[in-house]
Amino acid sequence: MNSHHDLTPPANPPVIWITGASQGIGEAVAIAMARAGMVVAASARNVERLAALANQSTDLTGSIAPYPLDVTDQAAVKMTVDKIIAQHGGIDQAILNAGTYIPSPATGFTSDAVRQQVELNLMGVCHCLEPLITYMTGRGKGTIAMNASLAGYRGLPRAAGYGASKAALINMAESLNTELSDVGIDIKVINPGFVKTPLTSKNRFPMPFLMEVDKAAELIVKGMKGRQFEIRFPRIFAAILGLLRSLPYPLYFWLIRKAG
Ligand SMILES: NC(=O)c1ccc[n+]([C@@H]2O[C@H](COP(=O)([O-])OP(=O)(O)OC[C@H]3O[C@@H](n4cnc5c(N)ncnc54)[C@H](OP(=O)(O)O)[C@@H]3O)[C@@H](O)[C@H]2O)c1
């Protein structure tokens, strides 16, 4: 190993596609992955922010190339996947991270709020999975992580639509993992607690164990290299919610109502 090691890109750097890369967790992970020498294909709708991100990557060992995309547009997703494969010779890993949270108190329940979150958080991921699974099955290798949330573990207040979309993602990841490991595809789920991003900066409620976005990105980079199915953090908050997940309903509801 020489002193230039960190600055020399690996001979065949892995290609990773990240959706929702224009800000927040996706952006931080894109930078961390490029710093680790990877070729990052970065997608989101905001063209300017993606271009700025790509410019920023010129100092890093790896690289970031912008692929502007609305993941709710199924045909556009398919074209983007084809384009990344054509331009970079393949896709080795993907982090399907684009998503949003719309606060939805039960008294003002609307189908629209649920639909919007399901269309983005769940169907947006499905649009990406379809071409990725076809491609990676043909190749016999690949890693796909879906960014869900600890909020997908159990129903939480003011999050009926968000929680439903994220619970569905976790379930879907579990289901796909059972089948796709046989064809060499590693399906993972990322379940963050509260992370400091433009998304959570809108929240007006207390956010226990709020984590810095760079720390979250570091844990995701580490988790992507590991063998475990679930990448979850912060450790203590995840353990608490994991415990709540296993409680019988009466005790769970009593505790959640008490917590407000
Ligand atoms: N922050 C947290 O505490 C937390 C906790 C648990 C889970 N998560 C999950 O982590 C993911 C990222 O969260 P974040 O906090 O980083 O959110 P964020 O700051 O709002 O970033 C969301 C990203 O998704 C992109 N996006 C939104 N709609 C899109 C669309 N239709 N097509 C393509 N990209 C789209 C946004 O870019 P454009 O607007 O440019 O498209 C942005 O880059 C989400 O799935 C979220 O549910 C976050």
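Structural remarks
- Filter result for Leu122 (surrounded by fewer than 19 Cβ atoms within 10 Å (Cβ to Cβ) and within 14 Å of the ligand (Cβ to nearest atom)): no
- Exactly one residue out of Gly108, Gly142, Gly138, Gly124 is out of contact with any strand residue (DSSP E or B) (no Cβ under 6 Å at 6 or more places or on another chain), small (Gly, Ala, Ser) and closer than 19 Å to Lys188 by Cβ, and it is Gly124.
- Answer residue from segment 169-190, given it is without any contact (Cβ under 8 Å) to a residue 60 or more places away in the chain and β-branched (Val, Ile, Thr) and is surrounded by the fewest Cβ atoms within 10 Å (Cβ to Cβ) among those: Thr178
- If the condition is being crowded, with 22+ Cβ neighbours inside 10 Å and near the ligand (Cβ under 7 Å from one of its atoms), then segment 23-54 contributes Gly24, Ile25, Gly26, Glu27, Ser43, Ala44.
- Sub-7 Å Cβ pairs linking a first residue in segment 150-168 that is within 18 Å of Pro105 (Cβ to Cβ) and within 13 Å of the ligand (Cβ to nearest atom) to a second residue that is among the aromatic types (Phe, Trp, Tyr) and assigned to a loop (DSSP other than H, G, I, E, B), at least 6 apart or interchain, are Tyr162/Tyr101, ordered by first then second residue.
- Answer residue from segment 125-149, given it is assigned to a loop (DSSP other than H, G, I, E, B) and buried (at least 21 other Cβ atoms within 10 Å of the Cβ) and is nearest to the ligand (Cβ to nearest atom) among those: Ser149
- Of all residues in segment 97-115 being in contact with a Ser or Thr (Cβ under 8 Å, 6 or more places away or on another chain) and more than 10 Å from the ligand (Cβ to nearest atom), the one that is nearest to Asn177 (Cα to Cα): Val114
- Some residue of segment 168-187 being farther than 20 Å from Ile231 by Cα and modelled with pLDDT of 95 or more: yes
- Remark: pairs (first residue in segment 73-90, without any contact (Cβ under 8 Å) to a residue 60 or more places away in the chain; second residue among the aliphatic types (A, V, I, L, M) and away from the ligand (no atom under 14 Å from the Cβ); Cβ separation under 9 Å; 6+ apart in sequence or on different chains) = Ile85/Val15; Ile85/Ile91; Gln87/Ala65.
- Scope segment 211-226; condition within 15 Å of the ligand (Cβ to nearest atom), exposed (fewer than 14 other Cβ atoms within 10 Å of the Cβ) and basic (Lys, Arg); matching residues: none
The values are calculated or read from the model by the stated rules, or taken from the named source; none is laboratory data. What you see is a predicted model, and the numbers here were worked out from it, not measured in a lab. Note: ideal-geometry Cβ built from the backbone for every residue, glycine included; neighbour counts use all protein chains shown.
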